[in-house]
Structure formats: structure tokens, C-alpha cells
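Input: a single structure, listed below in C-alpha cells.
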Amino acid sequence: MRPPARAIASHEASIEIAASARSLYAMVSDISRMGEWSPEAVGGRWASEATGAVGDWFIGQNQTSAREWERECQVAAADPERDFTFVTGGLEKSWTWWSYEFEPMSDVSTTVTERWWVINKSPVMEAATPEQFAGRAAYTLQMIETTLAALKAAAEAGD
């Protein structure tokens, strides 16, 4: 899923991984595993009865050296082997979007693109100064690149 023109901030990065789109989608859509790759997300848990389908909710857990927090997230796209996208605060609040797209290059190679964008600022982002918001956005690009590199290492190691 691509950021709309009305996004107030966005970043993306891509990486080619020697793994199938199917296996990479399974890794990324297992929200409990995100902490294996992300420098900030430590995992998540599905709301009762959720299966990872569009409209399902989960609680994302995050941690930095300064604080820990959780966010309710809603799945916005769940197209196996193609796109897994979720939004913090849910579709109605439309705060921060995270998208993972999978483009098979061959049977054993896939380009993964991670995208991040903000439509509406969460209360925490609203309280930030413009400089703090810009710093957070810049840090997010570093996190995306770190996450993709770690996902590649794990996938190619068969984890």
C-alpha cells in the first residue's frame, strides 16, 4: 500500500531477500515476531478472535531506552505474498501506517519494501515540537533500514 498525497510524513526502503514472498509474508504478518528485527517494536498480540485479516486488531508493543508503550493497531491490507499493512489507532484515527510489500523476483528471491507514513498525528506526536517530529521521522527511516536488514538475515538463515 502506498502513502496517499495527504500524508504529512513518509519514508520507505527496499531490500532484496533470498526467500519466497510466501515465507516473508508469513514472517512479517506474525506480529509477535517483529521484535526479532525491529530496533523499537518488541512484538505484539492479536485481539481475541483475530487471525490477521483486514479489519483485525492487535496491540503493538514498543520499547526504547527512554520508555515503553503499546498501540492499538488495525490491519488495513492482508494480501498473502503481496502486502501486509497496518495502522496505529485504527483506520478511523489513521495515525501511523506501516506497510510491507513483497515483489517476487524469482521463486527464491523477493524484494521487500517497508513503508511508513503519517496521516494524522497521534496525541504524542501532536505534543511534539516541529523539530522533535522531524527527528522522529528521520529516526524512523533508520529503523526501517535496520528492520529490513535484520529480516533479510533471519530469512536467509532460515529462521
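Looking at the structure I just gave you, is Glu72 free of Cβ contacts under 8 Å to residues at least 24 places away in the same chain and in a loop (DSSP other than H, G, I, E, B)?
When the stated conditions are applied, Glu72 does not pass them.
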| query | Out of (1) under 21 Å from Lys121 (Cα atoms); (2) of a type in the set (Val, Ile, Thr); (3) open to solvent by less than 10 Å² (accessible area, probe 1.4 Å), the odd one out for Thr88 is which? | reply | (3)
| Which residues, counting only those in the range 1-43, are under 29 Å from Ser65 (Cα atoms) and of a type in the set (Asp, Glu)? | Glu12, Asp30, Glu36, Glu40
| Contacts under 7 angstrom Cβ, first residue in the range 79-96 being in a strand (DSSP E or B), partner open to solvent by 60 Å² or more (accessible area, probe 1.4 Å), 6 or more apart | Asp83/Met1; Thr85/Met1
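Does Ser94 satisfy the condition of being of a type in the set (Gly, Ala, Ser) and either under 13 Å from the mean Cα position of the chain (by Cα) or open to solvent by 40 Å² or more (accessible area, probe 1.4 Å) (or both)?
Details: of a type in the set (Gly, Ala, Ser): yes; either under 13 Å from the mean Cα position of the chain (by Cα) or open to solvent by 40 Å² or more (accessible area, probe 1.4 Å) (or both): no.
So Ser94 fails the test.
So which residues in the range 127-145 are open to solvent by less than 70 Å² (accessible area, probe 1.4 Å) and either under 16 Å from the mean Cα position of the chain (by Cα) or charged (D, E, K, R) (or both), if there are any at all? So that I can check it myself, show each step before the final result.
First, pick out the residues of the range 127-145 that are open to solvent by less than 70 Å² (accessible area, probe 1.4 Å): 128-129, 133-135, 137-138, 140-141, 143-144.
Scanning the range 127-145 gives Ala137, Ala138, Thr140, Leu141, Met143, Ile144.
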| query | Residues of the range 1-38 being of a type outside the set (A, V, I, L, M, F, W, C), more than 12 Å from the chain's Cα centre (by Cα) and assigned to a loop (DSSP other than H, G, I, E, B), which ones? | reply | Arg2, Pro3, Pro4, Arg6, Ser20
| query | Would you call Glu101 acidic (Asp, Glu), open to solvent by 30 Å² or more (accessible area, probe 1.4 Å) and within 12 Å of the chain's Cα centre (by Cα)? | reply | yes
| request: Output the qualifying pairs, or none if there are none: Cβ atoms under 6 angstrom, residues six or more apart or on different chains, first residue in the range 19-42 and farther than 22 Å from Glu72 by Cβ, second residue in a loop (DSSP other than H, G, I, E, B). | output: Ala21/Glu81; Arg22/Glu81; Tyr25/Pro80; Tyr25/Glu81
| message | I need the full set of residues from the range 40-57 which are open to solvent by 80 Å² or more (accessible area, probe 1.4 Å), farther than 19 Å from Arg115 by Cα and not in a strand (DSSP E or B), in order please. | response | Ser48, Glu49, Thr51
| field | Test result for Gly60, of a type in the set (Gly, Ala, Ser) and outside any strand (DSSP E or B) | value | no
| said: Please go through (1) open to solvent by 30 Å² or more (accessible area, probe 1.4 Å); (2) aromatic (Phe, Trp, Tyr); (3) in contact with a Ser or Thr (Cβ under 9 Å, 6 or more places away or on another chain) for Trp37 and return the number of the only condition it doesn't satisfy. | reply: (1)
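The values are calculated or read from the model by the stated rules, or taken from the named source; none is laboratory data. All figures in this text were calculated on a predicted structure; none of them were measured in a lab. Note: ideal-geometry Cβ built from the backbone for every residue, glycine included; neighbour counts use all protein chains shown. Ligands, DNA and RNA are excluded from the accessible area calculation, which covers all protein heavy atoms including side chains. Shrake-Rupley method; radii C 1.70, N 1.55, O 1.52, S 1.80 Å.
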